[in-house]
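A short write-up of the structure that comes next.
What follows draws every value from the coordinates through simple rules; no lab data is involved. As the structure is a computational prediction, the values presented were derived from the model and not from experiment. Neighbour counts run over all protein chains shown; Cβ positions are idealised from the backbone, glycine included.
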Amino acid sequence: MNYVLAPSILAADFGALREALRIAEEAGADCFHFDVMDGCFVPNISFGPALISTLRGASEAFFDVHMMVEQPERYLADIREAGADRITIHAEATRHLDRALNQIRELGASAGVALNPATPVSVIEQILPLVDMVLIMSVNPGFGGQKLIPYTLDKLRALSALRDRLGLPLNLGIDGGVAEGNLPEIVDSGANFIVAGSSVFRPQDKIGENVRGLLSILEKAGK
Ligand code: DX5
Ligand code: ZN
């Protein structure tokens, strides 16, 4: 199992993003998570393709874009062009999930699907062959710094069993409320793609230390 830490830049100081990414990369992060929010699918507005494209020029890392956007079909090409390596859309945000996932693949990006806490895993069973990651939201999306909802770990366990049964090379992601304290249990539940915002970028002067702490837990899990 390949364990990946994906620092979510939502928790970083927007006035010093390049520097924050540089420090995280130097400490070993090779992936960043971008939370695109439209103020409609979620009650918050964050940033869009222009910011992703600016940072693309400053980083070699894998860019994982999480779209919390209604009808994400409208922006897939822009997000890809801005430099997304994977685009994850919510099953709840489109009427035509199969079509939208195929659109992402046609753009040459990896496709991911995200599920809100209350959405059951069964909703995505048929489209699993189209994605390389399922992102389980462990908080209600929209804001960083929330507490992980424990029952979402049951969904990871169910997905992990389903993946084994279907024999699919699927990454299992978790997003929201991840910290050093709960990471071992999260990994035990089957997650290998770990999004972490506040626990990486707060406090601002501990970014390197935070990345190294989380990565060392993942390294142990990989052995
Ligand atoms: C929540 C976002 C998350 C968020 C996680 O809507 O999708 O990626 O940045 O932040 P933390 O790790 O602080 O819960
Ligand atoms: Zn996210």
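How long is the gain from residue 140 to residue 185 if the chain were fully straight, where each residue apart is worth 0.36 nm and the alpha carbon distance is subtracted?
Working: separation 45, 0.36 × 45 = 16.20 nm, distance 1.97 nm.
Fully extending the segment from residue 140 to residue 185 adds 14.2 nm.
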MRE, 222 nm, helices only [DSSP H, n ≥ 4, -39500 (n - 2.57), over the chain, to nearest 500]: -10000 deg cm²/dmol
Under Karplus coefficients 6.51, -1.76 and 1.60, residue-wise ³J(HN,Hα) of the range 91-98 in Hz, glycine/proline x: 4, 7, 9, 9, 7, 10, 4, 4
Amide H of residue 133 versus every other amide H placed in the peptide plane: which residues, excluding those fewer than 5 positions away on the same chain, fall under 5 Å? 113, 171
Which of 177, 108, 144 moves most in a GNM of the chain, Cα contacts under 10 Å? 108
Sequence neighbours fewer than 8 away in the same chain don't count; with that in mind, list the lysines whose C-alpha is under 27 Å from residue 206. 147, 220, 223
Whole-Hz Karplus ³J(HN,Hα) for the range 121-127, in order, using 6.51 cos²θ - 1.76 cosθ + 1.60 and θ = phi - 60°, x for Gly and Pro? 4, 4, 4, 10, 3, 5, 9
Which of the three applies to the range 4-221, rounded, prolate or oblate, going by the alpha-carbon gyration tensor with a ≥ b ≥ c and a/c under 1.5 meaning rounded? oblate
Kirkwood Rh (inverse of mean 1/r, distinct Cα pairs), the range 1-132, angstrom: 15.2
Assign unit charges at the C-beta atoms only (+1 for Lys and Arg, -1 for Asp and Glu), then state the dipole size of the chain relative to its Cα centre in Debye, rounded to the nearest 20. 280
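Give me the extension gain from residue 95 to residue 161: residue separation times 0.36 nm, minus the current Cα-Cα distance, reported in nm with one decimal.
21.1 nm
Summing +1 for each Lys or Arg and -1 for each Asp or Glu, what net charge is found among the other residues whose Cβ lies under 11 Å from the Cβ of residue 28?
-3
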Which length gain, in nm to one decimal place, applies between residue 202 and residue 40 when the Cα-Cα distance is subtracted from 0.36 nm times their residue separation? 55.6 nm
Karplus (6.51, -1.76, 1.60) ³J(HN,Hα), θ = phi - 60°, over the range 192-209, in Hz, Gly and Pro reported as x: 10, 10, 10, 8, 9, x, 4, 6, 9, 8, 10, x, 4, 8, 10, 4, x, 4
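Give me the Å³ per residue figure for the convex hull around the C-alpha atoms of the range 127-223.
104
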Given R₀ = 35 Å, what would the calculated FRET efficiency be for residue 1 paired with residue 74, taking r from the Cβ atoms and rounding to 0.05? 0.50
Which whole-angstrom value gives the distance between the alpha carbon centres of the range 74-137 and the range 1-61? 18
